[in-house]
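Visitor: One structure is given below, represented as structure tokens, and several questions about it will come after.
The values are calculated or read from the model by the stated rules, or taken from the named source; none is laboratory data. On a predicted model such as this, the values are computed, not experimentally measured, just so you know. Methodologically, a virtual Cβ is constructed for each residue, glycine included, from the backbone with ideal geometry; neighbour enumeration extends over all protein chains shown. Just so you know, the surface numbers come from the protein's heavy atoms only, side chains and all, with ligands and any DNA or RNA stripped out. Shrake-Rupley method; radii C 1.70, N 1.55, O 1.52, S 1.80 Å.
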Amino acid sequence: MTLAYYTARARALSIAELIHALRDLKATLQIHRDRPLSDPYVAKLYAEFDAYSVEVHKRQRACA
């Protein structure tokens, strides 16, 4: 999956769902911290984390 896929997916989620997903991703990344960044699964997790965190920040700025 690409960053564009996760960006589109993030737009469809509510803030609560995004925050929950970010917590899950953070916990999963901590479990896999011994894997290299070049590992495809770790790269996927970071792409998803990036897309979701950017979307949360965009929505929080829009509300402020």
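Visitor: Name the residue that is surrounded by the fewest Cβ atoms within 10 Å (Cβ to Cβ), counting only residues in segment 12-31 that are polar (S, T, N, Q) and in a helix (DSSP H, G or I).
Guide: In the first step, residues of segment 12-31 are kept if they are polar (S, T, N, Q); the result is 14, 28, 30.
From what is left, the residues that are in a helix (DSSP H, G or I) are 28, 30.
Values: Thr28: 15, Gln30: 8.
Step by step, filter segment 12-31, then rank; the result is Gln30.
Visitor: Condition (residue is open to solvent by less than 90 Å² (accessible area, probe 1.4 Å), part of a helix (DSSP H, G or I) and touching a residue at least 12 places away in the same chain (Cβ under 8 Å)) applied to segment 32-41: is it met by at least one residue?
Guide: No: segment 32-41 contains no residue that is open to solvent by less than 90 Å² (accessible area, probe 1.4 Å), part of a helix (DSSP H, G or I) and touching a residue at least 12 places away in the same chain (Cβ under 8 Å).
Visitor: Would you call Tyr46 of a type outside the set (A, V, I, L, M, F, W, C), without any contact (Cβ under 8 Å) to a residue 40 or more places away in the chain and in a helix (DSSP H, G or I)?
Guide: Details: of a type outside the set (A, V, I, L, M, F, W, C): yes; without any contact (Cβ under 8 Å) to a residue 40 or more places away in the chain: yes; in a helix (DSSP H, G or I): yes.
The answer is yes for Tyr46.
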